[in-house]
1. Provide the FRET efficiency to the nearest 0.05 for the Gln106-Arg22 pair, computing r from the beta carbons and using R0 = 35 Å.
2. 7 Å from Cα along Cα→Cβ at both Arg203 and Trp36: what's the point-to-point distance in nm?
3. If you take the Cα Rg of region 1-86 and divide it by 2.2 N^0.38 Å, with N the number of residues, what do you get?
4. Pulled fully out, how much extra length does the chain show between Ala70 and Glu99, if you take 0.36 nm times their separation in residues and subtract their Cα-Cα distance?
5. Taking Rh as the Kirkwood radius, which is the inverse of the mean 1/r over Cα pairs, what is the Rg/Rh value for region 67-114?
6. Stokes-Einstein D for region 39-120 at 10 °C, 1.306 mPa s, Kirkwood Rh over Cα pairs, in µm²/s?
Amino acid sequence: PVPSWTLGSVDAAISDVPLVLRNAVAFDGPPAFAGWGVGGFLSPQHLHETAFIVIDLSHDSLVAVEGDAAAVSAWLTSRYPDLRPLEVKREPGELVVIEASVAGSQPIRAQINTGTDLTEVSPHAAGGLRGTAPLEIGYGVSGTEVEGEHATGQTLRVSDWEWPVPRVLTREQPPCDDGAPPLQAQVGMDLLRATVLAVSADRSLPVLWLVPPGEA
């Protein structure tokens, strides 16, 4: 954890589009952030009060689409006919958390996280999954070293869709700040890079996720 404080709603703009960032939180970033030119992070699901935010991670685009889940799903299917549409229930809470399984485990709580390079899973949640000897894999936001193991030849399953994961990082997941049960996995950019996500500020609405065909 790092010291932080709540700002509430903050006026902002992307290009010439005015926005209101809701539930904004401020914190003093580690020194490395200044060197990288990083001054903050935007949660896409907070960028618009009613629209679905469509994040095309294969073509690096972001679009706000108004409509209910059925209409936006139909729009996505027509726009991306080569991808398979999934409609996945989202847990209540600030994070985008869905039910998934890794390495044939029972369903576990997995965060869709564009800020994570590799897909991660808690070894205890995946039946004691083990990989290579522990490695130093980098540093957390607070500057603390992070260790984990690499396990190869795994799969990610969401609903009736299954997709190979060449390499999973196994490590215990940090606790959630909002008091929710601990996360058990994170779906990282190694998988998200080939997909399209649509999320809404309304937490009762599903995550619309277009994925490679994979296996049923």
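Read-outs throughout are calculated quantities, based only on the coordinates presented, and are distinct from any laboratory measurement. Just so we're clear, the structure is a prediction, and the values are computed from it rather than from any experiment. Cβ: placed from backbone, ideal geometry, glycine included. Neighbour counts: every protein chain shown.
1. Efficiency computed from Cβ-Cβ geometry: 0.50.
2. In this crude spin-label approximation the distance works out to 2.6 nm.
3. So the Cα radius of gyration is 1.37 times the expected 2.2 N^0.38 Å.
4. Fully extending the segment from Ala70 to Glu99 adds 8.4 nm.
5. Ratio of gyration radius to Kirkwood radius for region 67-114: 1.04.
6. 108
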